[in-house]
Amino acid sequence: MSDASVLLTTGLMSVAAIIASPIITLWIQRRLNDGKARRERRELIFKALWVNRRRQFYIARVDALNMIDVEFFGERKVQDAWEDLRAHYFRQEHPGLNNDQIFTEREEKYATLLFEISQVLGYNFGRTHIRDNIYRPQLHGQFDEIDFETRKLFLDLLKSDALPIRVVEGQPVPPTQQVPPMEQSDAPKATAL
């Protein structure tokens, strides 16, 4: 190889490196940002499920459960655990089980789901820890019951005839007239105490 061809090859490689370096850097940065954003979304789901372990019907928990299919797509163990829990939710009959047993079975399935998600995220929690290590004062349960009952009563009130509302059609109400500003002499006098 002649010196000219080596110089030409080296020059072309330098130009290619100069052009490709920013593109490759941007591509790598984009991949890192996508991975970080995905991790953050998964963390949000996990945390919503974690803090609402004893609030089965709380809206944040339900929303988080419904995002599992999207955010944990391809995570077979997570998807299987979610499908098992979802099937339990939709099952109308649980032959041979009373309500306490159904609740216990549901909590086990929920703990399994959280366990599988925690494994994907790198947490080292056991199923028993997930299921049993919860601080939820009875008062919080009472607040949830009060909130639910209040919403139900309010809805019943809106549906009833207890608050009659009448729509009147006709002339629009004229705007109120401007009150003229008070004269200096009409202003109330300040008195010292």
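Within the range 84-110, which residues are acidic (D, E) and assigned to a helix (DSSP H, G or I)?
D84, D100, E105, E107, E108
Suppose we filter E75, E108, E93 for residues that are modelled with pLDDT of 90 or more and more than 18 Å from I134 (Cβ to Cβ); which single one remains?
E75
Out of all the residues in the range 9-23, is one or more of a type in the set (G, A, S) and within 17 Å of A81 (Cβ to Cβ)?
No.
Give me the residue from the range 59-83 that is among the basic types (K, R) and under 15 Å from A111 (Cβ atoms) and, out of that set, surrounded by the fewest Cβ atoms within 10 Å (Cβ to Cβ).
Applying the filter and picking the extreme gives K77.
If I filter the range 84-132 down to residues being over 21 Å from the mean Cα position of the chain (by Cα), closer than 21 Å to E71 by Cα and without any contact (Cβ under 8 Å) to a residue 24 or more places away in the chain, which single residue comes out as surrounded by the most Cβ atoms within 10 Å (Cβ to Cβ)?
Selected residue: F125.
Quick one: in the range 22-58, of everything that is of a type in the set (V, I, T) and within 15 Å of the chain's Cα centre (by Cα), which residue is least open to solvent (accessible area, probe 1.4 Å)?
So the residue we want is I45.
The values are calculated or read from the model by the stated rules, or taken from the named source; none is laboratory data. Treat the numbers as computed from the prediction; the structure is a model and nothing was measured. Note that we place each Cβ from the backbone using ideal geometry, even for glycine, and neighbour counts take in every protein chain shown. The accessibility values were calculated without ligands, DNA or RNA, using every heavy atom of the protein model including side chains. Shrake-Rupley method; radii C 1.70, N 1.55, O 1.52, S 1.80 Å.
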